[in-house]
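One structure is given here, and the rest of the page talks about it.
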Amino acid sequence: MPEIEECIREAVGTVRNFVKEITGEEATPEEIAKALTRYFVLKEIGDHIMLERKNRDLKE
């Protein structure tokens, strides 16, 4: 398995902190993994990346 890059670790940390802030308890790794692989979340991530790339291309 490839090493997980620091930016991904930080993003997961942001998810952990957000969940703890809104629920009052920490999410388990299993809960985070399940949430990140839901279709809605995957679609949102895909859309965000496509938008970022489009904006980047417009600036070039």
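Points worth noting:
- So residue 49, is it among the β-branched types (Val, Ile, Thr) and either in contact (Cβ under 8 Å) with a residue 60 or more places away in the chain or touching a helix residue (DSSP H, G or I) at 6+ places or on another chain (Cβ under 9 Å) (or both): no
- Residue pairs whose Cβ atoms lie under 9 Å apart, sitting 6 or more positions apart in sequence or on different chains, and linking a residue in segment 14-26 that is in contact (Cβ under 8 Å) with a residue 12 or more places away in the chain and on the phi < 0 side of the Ramachandran plot to a partner that is of a type in the set (A, V, I, L, M, F, W, C) and not in a helix (DSSP H, G or I), are 15/27; 16/27; 19/27.
All of the numbers you see were taken from the coordinates with simple rules; none came from a lab. Computed from a predicted model, the values in this text were never measured in an experiment. Every residue, glycine among them, receives a Cβ derived from its backbone with ideal geometry; neighbour counts consider all protein chains shown.
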